[in-house]
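Student: The structure is given below, and queries will be raised subsequently.
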There are 2 protein chains.
Amino acid sequence: MNPLGPPAPLDPLATDVVGLTRALVDIPSESGAEEALADLVEAALRPLDHLVVERVGNSVVARTDLGRDERVIIAGHLDTVPAADNLPARLEADRLYGLGACDMKGGVAVALRLAATVTAPVRDVTYVFYECEEVEGDRNGLHTIAGRRPELLAADLAILMEPSDAGVEAGCQGVLTADITVRGERAHTARAWRGVNAAHRAAPVLQRLADHTPERVVIDGLEYREGLNAVAVRAGVAGNVVPDTCVITVNARFAPSRSAQEAEAYVRGLFPEREYEVDVTEVVPGALPGLGRQAVASLVGVLGAEPRPKLGWTDVARFASLGTPALNYGPGDPVLAHTAGEYVPLAQLRECEARLRNWLTP
Amino acid sequence: MNPLGPPAPLDPLATDVVGLTRALVDIPSESGAEEALADLVEAALRPLDHLVVERVGNSVVARTDLGRDERVIIAGHLDTVPAADNLPARLEADRLYGLGACDMKGGVAVALRLAATVTAPVRDVTYVFYECEEVEGDRNGLHTIAGRRPELLAADLAILMEPSDAGVEAGCQGVLTADITVRGERAHTARAWRGVNAAHRAAPVLQRLADHTPERVVIDGLEYREGLNAVAVRAGVAGNVVPDTCVITVNARFAPSRSAQEAEAYVRGLFPEREYEVDVTEVVPGALPGLGRQAVASLVGVLGAEPRPKLGWTDVARFASLGTPALNYGPGDPVLAHTAGEYVPLAQLRECEARLRNWLTP
């Protein structure tokens, strides 16, 4: 399971945020395989007297219970996309490279450091380290917690430690996933003219995606840039057989001003049912930036950064749908998320830790 | 393994060719999973005194050894392509439907009947029931036998019981398989413009295949119709990731007058290296019809059918490369091979058995 050898325990009390990020990167935790990492996070926090620690699946929730007027959630996901020859972590000058360094083990390291060391915060804090953020929404750890223990997610404000270049990224785009199925008819390849090749018939679908120009939508002065991509193509029966089915999985990102219904109609309009079968497998709306809301505005002031639009879907939308204001604030350039060369600047790790520590400490 | 229940023993002495075909269809034997069927074939033939039976992998070779002047091979493959909701077998009027009924358990049933019942043929016969014909050539049972026990394949003439509508199909086309890899660059789908979508870039490859018009080549008065098909398309890293690779597996059928080198140059010409990576994974030349050869001409006369061109690649080419004349002669319409609705006409089963029995009997 772990080509890097058995991981050592995490020690967020004695390890600085850089060392902690490095340790986290070196514990593989591809979506669905977070158990080892969740065990280590739980083991690191459970002995601490100021925290109540609970485990839900492979997510870990640790919270202070000091009776403060306000409660804030600080959350980060434990999982990463699949490795791309980018393990183990390596330090190079002022950057830490490696799978998940940017998305988002750097943010998780900041949260772990705060959880372990800020023993009496001025506002109660619920730290949430959760599983399966990079995959289907119904496997997402926050979804699981909301189903089994919704009271753990009650808060006045949520901060997601998603990479945002140590700035505040407000709102988030919605995401839609659809399978477009192109049909044909099987035949032996030696007499292919007796069948219809579904893979060949998929060419116009891929070309339409290639030719598509996504829109740009401005909300609260922030520009949301949409996207439409094939993320998977699957066809093939056997080496001698003209395939009768080709399935193209499409991932769409849409501005938070569009509803789920509008997004679905948009995608279906591009691929009319009379030509293709379109099966929308997931559609989750985004979250409006809500810069006018008091709770968001005040935190933005403290963090000292100009808000930018969040283009990726993040669990900000999940909190927004519960009525909880939420924003993204974390180390790492979001542009690097899911790239083989992702890294996190050491200075941003330290800055995020320092600013949040300042906000939580008397 | 077998959704139809445990198979009963085969009894080619007491079962007619229709019943035997039906029994064979109902024993699943997708390529790579022929063991159960090979066991039953071996068990049916081993007790017969007039046959020397040997097992090579999941292929079964049974031969007479009467010291005749001439030896003929009668061969059929045990495997089928994957099921397409076409099991178990069903009789409907004068046809037997089901996976492999046409390609080629009907032919196997004819050979099994002859092996069991023609105890003193006028020419020695080597019956070969072999595995993995529908997959890569290096897994093919004849290839395995040629490697381990080449003497078992020595003969004056080979008859492959491939479906040919109870007529003689002469020669066979060559086949080439190539992987065409389209490269891109990974990125998070929320910022897709930072990457290059390899699946989108694959559209022109599929369109070129869709637009391609295969050639028709005439040899010895027979028309060979070529073909070029995508048989598999694979792209996809994760649901949130712009894929950096799309691999299209192409299957080409080429006339037996083209060499392997010419076929490869033809395919590479369609997909120039400066645009795509082309990896030719298999190329096997066809076999010229050889209608002028004495051995072929005499058998064709006895079988009483006008020769037609064989479009699919068959193991005729394997024998041709060993210098052994070979032809296809078997029940079932080759057009139906690898289709979900394949069937074999009962009359053809009986005709093939009768004509070969006549040829082998004093």
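Student: Against the empirical 2.2 N^0.38 Å scaling, what ratio does the C-alpha Rg of the protein assembly as shown come to?
Tutor: 1.22
Student: Leaving ligands, DNA and RNA out of it, rank B:LEU288, B:LEU176 by accessible area with a 1.4 Å probe, largest first.
Tutor: B:LEU288, B:LEU176
Student: Same structure, new question: Could you work out the mean count of beta carbons from other protein chains within 10 Å of each residue's beta carbon in A:127-134?
Tutor: 1
Student: Return the value, in Å² to the nearest 100, of accessible area buried between chains B and A (probe 1.4 Å, both sides summed).
Tutor: 4400 Å²
Student: Sticking with this structure for a sec: Taking each residue of A:24-35 in turn, how many C-beta atoms of other protein chains fall within 10 Å of its C-beta, and what is the average?
Tutor: What the average comes to for A:24-35 is 0.
Student: Accessible area per residue for chain A in Å², computed with a 1.4 Å probe and the full protein assembly in place, what is it?
Tutor: Ligands and nucleic acids excluded, the result is 37 Å² per residue.
Student: Counting alpha carbon pairs within less than 8 Å and at least 6 residues apart, what relative contact order, in whole percent, applies to the range B:55-126?
Tutor: So the answer I get is 49 percent.
Student: Further, regarding this structure: Counting only other chains, and only Cβ atoms inside 10 Å, what mean value do you get across the residues of A:111-121?
Tutor: That works out to 0 on average.
Student: Right, something else. Among B:339-346, A:30-37, A:6-13, B:21-28, how do they line up from the highest to the lowest mean number of other beta-carbon atoms within 10 Å?
Tutor: Ranked by mean Cβ neighbours within 10 Å, highest first: B:21-28, B:339-346, A:30-37, A:6-13.
Student: Which residues belonging to the range A:173-190 lose at least 40 Å² of 1.4 Å-probe accessible area when the assembly is complete, relative to their chain isolated?
Tutor: A:ARG186, A:HIS188, A:THR189, A:ALA190
Student: What ranking, highest mean first, results for peptides B:137-149, A:150-162 when packing means the other Cβ atoms within 10 Å averaged over each residue?
Tutor: Output ranking for B:137-149, A:150-162: A:150-162, B:137-149.
Student: Nearest 500 deg cm²/dmol is fine: what mean residue ellipticity at 222 nm does chain B get from its DSSP H runs of n ≥ 4 alone, each adding -39,500 (n - 2.57), divided by its residue count?
Tutor: Helix contribution divided over all residues of chain B: -7500 deg cm²/dmol.
Student: For the range B:29-110, run through the trypsin sites (Lys or Arg not before Pro) and keep only the ones in DSSP coil with at most 15 other Cβ atoms within 10 Å of their Cβ.
Tutor: The qualifying sites are B:ARG68.
Student: Further, regarding this structure: Give me the lysines in straight-line cross-link reach of A:LYS310: C-alpha distance below 29 Å, same-chain residues under 8 apart excluded.
Tutor: Cα-Cα hits under 29 Å: A:LYS105.
Student: In addition: So if I average 1/r over every pair of distinct C-alpha atoms in the range A:1-145 and take the inverse, what Kirkwood radius in Å does that give?
Tutor: 15.3 Å is the Kirkwood radius here.
Student: Please give, to one decimal in nm, the separation of the simple spin-label points placed at B:LEU91 and A:GLN261, each 7 Å out from Cα toward the Cβ.
Tutor: My value for the distance between the label points is 5.9 nm.
Student: Heavy atoms only, probe 1.4 angstrom, no DNA, RNA or ligands counted: give me A:VAL41, A:VAL217 ranked by accessible area, highest first.
Tutor: A:VAL217, A:VAL41
Student: When only Cα pairs under 8 Å and 6 or more residues apart are kept, what is the percent relative contact order across chain A?
Tutor: Normalised by residue count, the contact order of chain A is 23 percent.
Student: Taking all protein chains as present, what is the carbon and sulfur share of the accessible area of the range B:174-284, in % to the nearest whole number, probe 1.4 Å?
Tutor: Carbon and sulfur together cover 45 percent of it.
Student: What is the angle, in °, between the Cα long axis of helix A:260-270 and the longest principal axis of the Cα atoms in chain A? Nearest 10 is fine, range 0 to 90.
Tutor: 30 degrees
Student: Still on this structure, I have one more. Might you report the magnitude of the Cβ-based charge dipole of chain A about its Cα centre, with Lys and Arg at +1 and Asp and Glu at -1, to the nearest 20 debye?
Tutor: My answer is approximately 480 debye.
Student: Kindly identify chain B as rounded, prolate or oblate by the Cα gyration tensor criterion: order the square roots of the eigenvalues as a ≥ b ≥ c, call it rounded if a/c is under 1.5, otherwise compare a/b with b/c, prolate if a/b is larger, else oblate.
Tutor: Note, shape of chain B comes out prolate.
Student: Under the definition of Cα pairs under 8 Å and six or more residues apart, what whole-number percent is the relative contact order of the range A:174-284?
Tutor: After rounding, I find 42 percent.
Student: P(r) for the range B:174-284: what percent of alpha-carbon pairs falls in each 5 Å bin, starting at zero?
Tutor: Reading upward from the zero bin: 2, 12, 21, 20, 15, 11, 8, 5, 3, 2, 1, 0.
Student: Kindly tabulate the residues in the range A:203-252 with an accessible-area decrease of at least 50 Å² between the chain alone and the assembly of all protein chains, using a probe of 1.4 Å.
Tutor: Residues of the range A:203-252 that lose at least 50 Å² of accessible area once the other chains are added: A:ALA203, A:LEU206, A:ARG225, A:ASN229, A:VAL231, A:VAL233, A:ASN240.
Student: Next question. Can you list the distances in nanometres, one decimal and ascending, from the A:GLU215 label point to the identical position in each other copy, with the point 7 Å along Cα to Cβ?
Tutor: Label-point distances to the other copies, shortest first: 5.1 nm.
Student: Still on this structure, please answer the following. What is the set of long-range amide H partners of B:SER29 at a cut-off below 5 Å, with H atoms built 1.01 Å from backbone N?
Tutor: Under 5 Å from the amide H of B:SER29 lie the amide H atoms of B:THR80, each far enough along the sequence or on another chain.
Student: Which loop-located trypsin sites (Lys or Arg not before Pro) does the range A:267-343 contain, where loop means any DSSP state but H, G, I, E or B and the Cβ has at most 10 other Cβ atoms within 10 Å?
Tutor: A:ARG274
Student: To the nearest 10 degrees, how steep is helix B:294-303 against the longest Cα principal axis of chain B, on a 0 to 90 scale?
Tutor: 70 degrees
Student: State, to one decimal in nm and shortest first, how far the label point of A:GLU277 sits from each corresponding label point in the other identical copies (label point: 7 angstrom along Cα-to-Cβ).
Tutor: Going from nearest to farthest copy, the values are 3.3 nm.
Student: Let me ask another. Write down the Kirkwood hydrodynamic radius of the range A:262-362, to one decimal in angstroms, obtained as one divided by the mean of 1/r over all alpha carbon pairs.
Tutor: Answer for the range A:262-362: a Kirkwood hydrodynamic radius of 16.7 Å.
Student: Still on this structure, I have one more. For the range B:41-51, take each phi angle, set θ = phi - 60°, evaluate the Karplus expression 6.51 cos²θ - 1.76 cosθ + 1.60, and give the result in whole Hz per residue in order, putting x for glycine and proline.
Tutor: 5, 4, 5, 6, 9, 4, x, 7, 5, 7, 10
The values are calculated or read from the model by the stated rules, or taken from the named source; none is laboratory data. Since we're looking at a predicted model, the values are computed, not measured. Here Cβ is always computed from backbone atoms with ideal geometry, including for glycine, and neighbour counts include all displayed protein chains. Heavy atoms of the whole protein, side chains included, go into the accessibility calculation; ligands, DNA and RNA do not. Shrake-Rupley method; radii C 1.70, N 1.55, O 1.52, S 1.80 Å.
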